[in-house]
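For reference, the structure is listed below as structure tokens.
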Amino acid sequence: MNWFSNAQKSDPVNDELLLKQFIETEDLKLLGKLFQAHSTMVYYVCYRYLQDTELSKDAVMQIFEELITKVKKQEIKNFGNWLYVLSRNYCLMQLRSGKKMQYVPFEEFVEFSGFAHQDDHENKERKLTTLELCIERLPGRQKQSIDLFFLKERCYKEIVETTGFSLNDVKSYIQNGKRNLKICMDKNREE
């Protein structure tokens, strides 16, 4: 179902009626209609937290699935406000759980514009070799944090537990490591 193409303006009275009818009948079409009126808001809440279009669209679908059970368990006075809080909490839980909603693909470092596109395999091999060289040149803590975060796909919490670094240090090592990798790769591209 494409929630965004048919999104309508929400109406609190209509919301209350649709919610009541869904709870009585468990007709998913009613819940879908109710959700559709708020789907744009849910998407933008998710995008604000997750910073990724596809992840935000996936989150919208997951939030709808959660509605099926959650609306029956809670007394909801204002569906729009309740859904906003549910959406925000869902995204925060995704970020906290280490599912890496703010994950930046490692290929980001490999895909820089300086190499010609003559032979994809040769080109990719050269990029990977350069990337490996640049990772080896990183200072120890940055190298360890980059390795755990991107190559081993560990979340911040797991890196903190593995290394003993503070959360702020881990974030700093990853951010500085990414910057240093980009500088190194750009420099090697120019040579």
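What to note about this one:
- Some residue of region 45-57 being closer than 21 Å to PRO12 by Cβ and in a helix (DSSP H, G or I): yes
- The requirement of being farther than 29 Å from VAL13 by Cβ, free of Cβ contacts under 8 Å to residues at least 24 places away in the same chain and in a helix (DSSP H, G or I) is not satisfied by GLU65.
- Of residues in region 85-105 being surrounded by 14 or more Cβ atoms within 10 Å (Cβ to Cβ) and not in a helix (DSSP H, G or I), the one modelled with the highest pLDDT: GLY98
This table checks each residue for (1) at pLDDT 90 or above; (2) among the β-branched types (Val, Ile, Thr); (3) in contact with a His (Cβ under 9 Å, 6 or more places away or on another chain); (4) assigned by TED's automatic domain parsing to the domain that holds PHE22.
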residue	(1), (2), (3), (4)
SER39	yes, no, no, yes
TYR49	no, no, no, yes
ASP58	no, no, no, yes
GLU65	no, no, no, yes
ILE68	no, yes, no, yes
GLN74	no, no, no, yes
PHE79	yes, no, yes, yes
LEU83	yes, no, yes, yes
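- Only residues that are more than 12 Å from ASN78 (Cα to Cα), surrounded by 12 or more Cβ atoms within 10 Å (Cβ to Cβ) and at pLDDT below 90 were counted across region 7-21, and they come to 2.
- For region 126-154, filtering for residues that are among the hydrophobic types (A, V, I, L, M, F, W, C), out of contact with any Lys or Arg (no Cβ under 6 Å at 6 or more places or on another chain) and under 26 Å from GLN94 (Cα atoms) leaves 4.
- Helices (runs of 4 or more DSSP H) enclosed by region 106-182 - at least 2 residues per element that are surrounded by fewer than 18 Cβ atoms within 10 Å (Cβ to Cβ) and at pLDDT below 75: 107-110, 120-137
- Any hit, region 35-52, residues being over 18 Å from SER87 (Cα atoms), surrounded by fewer than 17 Cβ atoms within 10 Å (Cβ to Cβ) and in contact (Cβ under 8 Å) with a residue 24 or more places away in the chain: no
The values are calculated or read from the model by the stated rules, or taken from the named source; none is laboratory data. This one's a predicted model, so the numbers in the text were calculated from it and none came from an experiment. Cβ atoms come from the backbone with ideal geometry, glycine included; neighbour counts cover every protein chain shown.
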